[in-house]
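One structure is given here, and the rest of the page talks about it.
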Amino acid sequence: MIGAAHKQSGFLAALAHRLSGIALAVFLPIHFIALATALDGADALDRFLIVTADPLVKLSELVIVLALATHMMLGLRVLAIEFLDFRERTLTALSTCIILVLGVGLLFLLNAG
Amino acid sequence: MSALLFVAQRVSAALLAAAGAVHLVTILYVARSGLTAGDVLGRTHGNAWLFAFYTLFVIAVAIHAPIGLRTVLREWTPWRGIALDVAMVAFAALLLALGLRAVVAVFVA
Amino acid sequence: MLLVRIWRGTTSGRFQVFAVPRRENQTVLDVVTQVQREQDATLSYRFACRVGMCGSCAMVVNGRPRWACRTRVSEAARDDRLQLEPLRNFPVVKDLAVEMTEFFDKWRAAKGFFEPGTAPADDFAVVSPGSSERQAADAGIECIGCGICHSACDVVAWDKDYLGPAALNRAWTLVNDVRDQAGEERLAAVSGASGCVACHTHMSCTKLCPQAIAPTYAIAGLKRAIVSRALRGAT
């Protein structure tokens with residue numbers, strides 16, 4: 001599936017968009033379940049969140065946040081091409097930069113928090 | 001994906017772009033300022049605006065995610081037809097149910 | 001010496017290696033011609049104009065679909081090696097020649113043809129060349145049906161029913177032709193599940209079209225048109 005014609009920006013953008021979307025679709029039910037433990041009081045949520053202090057879970061959190069940023073940015077690219085008649089070339093570079101900036105920022109902020 | 005599904009997908013995408021940005025900023029703020037779960041729940045408790053915002057968010061997600069997943073499954077797996085559509089409607093129902101339950105949870109907690 | 005791996009057979013087959021003398025200003029078409037005339041007369045390939053006007057010689061050269069006659073060996077060869085394959089996403093007739101029927105069937109299915117209507121026009125249509133519609137049409141009318149975009153498209157590979165960038169680009173040029181009388185039918189033809197909505201803006205078609213046509217933007221235009229149509233139908 002990955003041939004010479006695929007080492008180009010449009011395909012990579014679409015692939016990242018698709019993979020981040022799948023990640024979010026898998027993550028969201030878990031996220032909703034976690035939040036709903038607040039029904040049993042803040043203690044229950046805190047207890048649940050202690051679980052999430054585990055480094056592997058923290059990493060998953062970071063991945064999900066980046067997945068959201070990626071999916072959103074690349075989704076905006078699609079909307080711009082389809083509805084604003086945006087002529088792409090620079091936009092992929094632009095959105096890649098924004099993702100990177102967001103990613104770096106998030107990395108920093110999440111570690112600080 | 002028919003024309004109407006396409007419209008639903010793109011409209012929900014635009015809504016989620018706005019709502020997602022707000023949510024992302026909020027999460028960053030929470031992470032940065034070291035709020036505990038109790039603190040956050042204190043702010044969401046009884047907050048009608050937040051309730052409305054996240055309800056809209058959940059509905060948009062319940063529309064957007066299954067349609068997107070359906071396209072991926074049709075193109076990358078042999079799964080297609082009525083069976084896939086039923087599964088995606090079920091997924092939408094799951095997201096809606098779990099999502100609204102979570103919104104209610106942080107509202108009443 | 002060039003080492004050239006050429007696909008032999010149909011969908012199943014094998015690569016056959018030929019050694020071809022390197023020449024100055026050599027194109028891939030020169031290479032296959034040399035092989036067919038001086039080494040193996042059973043090699044099958046297509047060409048016609050040999051000057052980049054007809055699109056008959058389209059094939060995959062080192063993984064990229066391009067015109068053999070317009071591909072210089074000096075630019076395409078890697079370490080004096082070339083790999084030549086038939087276009088992807090087409091049934092293979094033999095060696096480097098592919099079956100174009102389904103490609104043009106999809107063109108027809110997208111209503112990629114002009115419909116003059118049953119009543120003859122009273123007078124010549126006045127079409128301003130600077131109008132946005134005419135400019136949109138002009139951007140896509142130089143398509144010669146070479147099939148490179150169809151070969152490059154991932155969605156064509158993933159969805160057998162997808163109409164494809166060439167057919168949809170042609171449909172868009174006709175949507176913008178003010179003289180055409182089949183606007184509604186054409187939009188209906190491209191609004192299906194495997195119509196314009198199936199495009200995921202990978203943009204391989206736009207990147208690789210030798211005529212510098214951008215099917216992606218034509219398809220985006222179709223998407224906007226069918227959204228308007230769907231909303232009109234709903235209200």
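The values are calculated or read from the model by the stated rules, or taken from the named source; none is laboratory data. Keep in mind that this is a model prediction, so the values were computed, not measured. Every residue, glycine as well, gets a Cβ built from its backbone with ideal geometry; the counts of neighbours run over all protein chains shown. Side chains are part of the model used for accessible areas, which takes the heavy atoms of the whole protein and leaves out ligands, DNA and RNA. Shrake-Rupley method; radii C 1.70, N 1.55, O 1.52, S 1.80 Å.
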> Can you pull out the residues in the stretch C:200-224 that are open to solvent by less than 20 Å² (accessible area, probe 1.4 Å), facing chain A (nearest Cβ under 7 Å) and closer than 19 Å to residue C:183 by Cα?
Replying inline: C:220, C:223
>> Being under 18 Å from the mean Cα position of the chain (by Cα), outside any helix (DSSP H, G or I) and among the polar types (S, T, N, Q) is true for just one of C:173, C:216, C:201. Which residue is that?
In response: C:201
> Using beta carbons and a limit of 9 Å, which pairs, at least six apart or on different chains, have the first residue in the stretch A:50-74 and farther than 16 Å from residue B:64 by Cβ and β-branched (Val, Ile, Thr) and the second one buried (at least 20 other Cβ atoms within 10 Å of the Cβ) and at pLDDT 80 or above?
Replying inline: A:64/A:24
> Since residue C:83 meets every condition but one in (1) open to solvent by 20 Å² or more (accessible area, probe 1.4 Å); (2) outside any strand (DSSP E or B), which condition does it not meet?
Replying inline: (2)
> Which residues, taken from the stretch B:57-101, are free of Cβ contacts under 8 Å to residues at least 24 places away in the same chain, open to solvent by less than 60 Å² (accessible area, probe 1.4 Å) and facing chain A (nearest Cβ under 8 Å)?
Replying inline: B:69, B:72, B:98
>> I'd like to know if the stretch C:35-49 contains one or more residues that are modelled with pLDDT of 95 or more and part of a strand (DSSP E or B).
In response: no
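Any residue at all in the stretch C:30-42 that is surrounded by fewer than 19 Cβ atoms within 10 Å (Cβ to Cβ), of a type in the set (Val, Ile, Thr) and under 26 Å from residue C:204 (Cβ atoms)?
Of the stretch C:30-42, the ones surrounded by fewer than 19 Cβ atoms within 10 Å (Cβ to Cβ) are C:30, C:33-34, C:36-42.
So of that shortlist, the ones also of a type in the set (Val, Ile, Thr) come out as C:33, C:42.
Now restrict to residues that are under 26 Å from residue C:204 (Cβ atoms): none.
Scanning the stretch C:30-42 turns up no residue that is surrounded by fewer than 19 Cβ atoms within 10 Å (Cβ to Cβ), of a type in the set (Val, Ile, Thr) and under 26 Å from residue C:204 (Cβ atoms).
Per-residue answers, yes or no, for (1) open to solvent by less than 70 Å² (accessible area, probe 1.4 Å); (2) in contact (Cβ under 8 Å) with a residue 24 or more places away in the chain; (3) more than 10 Å from chain A (Cβ to nearest Cβ):
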residue: B:2; (1), (2), (3): yes, no, yes
residue: B:7; (1), (2), (3): yes, no, yes
residue: B:13; (1), (2), (3): yes, yes, no
residue: B:17; (1), (2), (3): yes, no, no
residue: B:28; (1), (2), (3): yes, no, no
residue: B:34; (1), (2), (3): yes, no, no
>> Looking for something farther than 30 Å from residue B:39 by Cα, at pLDDT below 70, in contact with a Gly (Cβ under 7 Å, 6 or more places away or on another chain) and open to solvent by less than 40 Å² (accessible area, probe 1.4 Å) - is there at least one such residue anywhere in the stretch A:5-21?
In response: yes
> In the stretch C:1-29, which residues are among the β-branched types (Val, Ile, Thr) and surrounded by 13 or more Cβ atoms within 10 Å (Cβ to Cβ)?
Replying inline: C:4, C:6, C:10, C:20, C:27, C:28
>> Can you pull out every residue in the stretch C:184-199 that is open to solvent by 10 Å² or more (accessible area, probe 1.4 Å) and either more than 14 Å from chain A (Cβ to nearest Cβ) or within 16 Å of residue C:66 (Cβ to Cβ) (or both)?
In response: C:184, C:185, C:187, C:188, C:189, C:191, C:192, C:193, C:194
